[in-house]
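Structure, as structure tokens:
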Amino acid sequence: MNRYEAMYIIDTSVEEAARKELVEKFSQLVTDNGGIVEKVEDWGGGRRHLAFAIDYKTEGYYILMTFSSESALPRELERNLSISDSVIRYLVVKLEEKHSKVKPKPVRVAPAPVAEVAPAPEAAPAVEAAPEAAPAPEKTDAE
Amino acid sequence: MSEDRGDRRSARPRGRKPRRKVCAFCVDKIAFIDYKDVNRIRRFTNERGKIVPRRMSGNCAKHQRQLSEAIKRARAIALLPYTVD
């Protein structure tokens with residue numbers, strides 16, 4: 001299983017209901033072929049200005065879908081995307097390991113300063129707690 | 001010794017001050033350049049939409065390779081232009 005990211009642009013002339021149906025169709029395709037759809041979103045608020053006109057169209061709906069699947073699925077998905085007339089452009093990219101490794105690192109760094117600060121407040125209550133704890137065993141000894 | 005060093009400095013062509021450029025991606029500690037990060041990537045294209053060379057941007061080789069890949073992906077999905085007239 002590999003992680004992939006598919007981005008495709010749907011024609012703005014397609015109505016909302018039909019567009020959602022289309023998005024559903026592609027995510028269904030992934031799940032039907034043993035893939036797991038992780039996320040589907042209207043990227044950048046959905047409707048976006050294209051950097052250049054494609055077939056005289058200057059706007060499009062950007063859909064971003066992340067999924068994990070076997071290596072044969074992206075080709076099948078691309079085939080379906082290319083057949084669909086409402087899809088202006090598509091891009092299926094494999095998500096590299098580096099992508100996910102970026103985030104854990106800052107998390108690991110963060111606990112270290114917290115751990116250094118934490119013992120100081122704990123040390124003070126420990127001293128206060130000690131005299132309280134001390135009389136208690138004496139009582140038990142006396143009894 | 002010190003005289004030699006002085007000579008070498010003066011041997012440089014006049015008017016040019018070589019300043020060490022640092023890779024913008026290394027500074028920001030970015031391990032992966034995403035094609036969706038259009039605003040960051042766009043700064044490395046010139047007004048014609050071309051990819052700025054390493055000698056201009058000062059990027060390290062590793063990040064320049066990633067950057068060119070990201071720009072080309074962004075172009076394919078119409079996030080960045082191929083050319084600007």
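Within the stretch B:19-30, work out how many residues are surrounded by 15 or more Cβ atoms within 10 Å (Cβ to Cβ) and free of Cβ contacts under 8 Å to residues at least 40 places away in the same chain.
2
Quick grid of which residues meet (1) within 16 Å of the chain's Cα centre (by Cα); (2) under 27 Å from B:PRO81 (Cα atoms); (3) in a strand (DSSP E or B):
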{"position": "A:ILE9", "(1), (2), (3)": "no, yes, yes"}
{"position": "A:ALA18", "(1), (2), (3)": "no, no, no"}
{"position": "A:THR31", "(1), (2), (3)": "no, no, no"}
{"position": "A:ASP42", "(1), (2), (3)": "yes, yes, yes"}
{"position": "A:HIS49", "(1), (2), (3)": "no, yes, yes"}
{"position": "A:ALA53", "(1), (2), (3)": "no, yes, yes"}
{"position": "A:LEU64", "(1), (2), (3)": "yes, yes, yes"}
{"position": "A:SER68", "(1), (2), (3)": "yes, no, yes"}
{"position": "A:ASN80", "(1), (2), (3)": "no, yes, no"}
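Could you pull out the residue among B:ARG55, B:ARG20 that is away from every other protein chain (no Cβ under 14 Å) and either among the β-branched types (Val, Ile, Thr) or not in a loop (DSSP other than H, G, I, E, B) (or both)? Reasoning before the result, please.
Values: B:ARG20 fails: either among the β-branched types (Val, Ile, Thr) or not in a loop (DSSP other than H, G, I, E, B) (or both).
Unique residue meeting the criteria: B:ARG55.
Looking at (1) of a type outside the set (Asp, Glu); (2) closer than 13 Å to B:ALA78 by Cα; (3) surrounded by 12 or more Cβ atoms within 10 Å (Cβ to Cβ); (4) out of contact with any Asp or Glu (no Cβ under 9 Å at 6 or more places or on another chain), can you tell me which one A:TYR90 breaks?
Single failed check for A:TYR90: (4).
Output the residues belonging to the stretch B:40-82 that are touching a residue at least 40 places away in the same chain (Cβ under 8 Å) and within 22 Å of A:LYS57 (Cα to Cα).
Those that are touching a residue at least 40 places away in the same chain (Cβ under 8 Å) and within 22 Å of A:LYS57 (Cα to Cα): B:ILE77, B:LEU79, B:LEU80.
Could you identify the single residue in A:LYS39, A:LYS20 that is under 24 Å from A:GLU96 (Cβ atoms) and basic (Lys, Arg)? Break it down stepwise before answering.
Values: A:LYS20 fails: under 24 Å from A:GLU96 (Cβ atoms).
Just one listed residue meets the conditions, A:LYS39.
Conditions first: (1) within 13 Å of chain B (Cβ to nearest Cβ); (2) in contact with a Lys or Arg (Cβ under 7 Å, 6 or more places away or on another chain). A:MET7 passes all but one, so which condition is the exception?
Status for A:MET7: all satisfied but (2).
Any read-out appearing in this document is the output of simple, stated calculations on the displayed coordinates, not a laboratory observation. These numbers were taken from a predicted model, which means no experiment stands behind them. Note: ideal-geometry Cβ built from the backbone for every residue, glycine included; neighbour counts use all protein chains shown.
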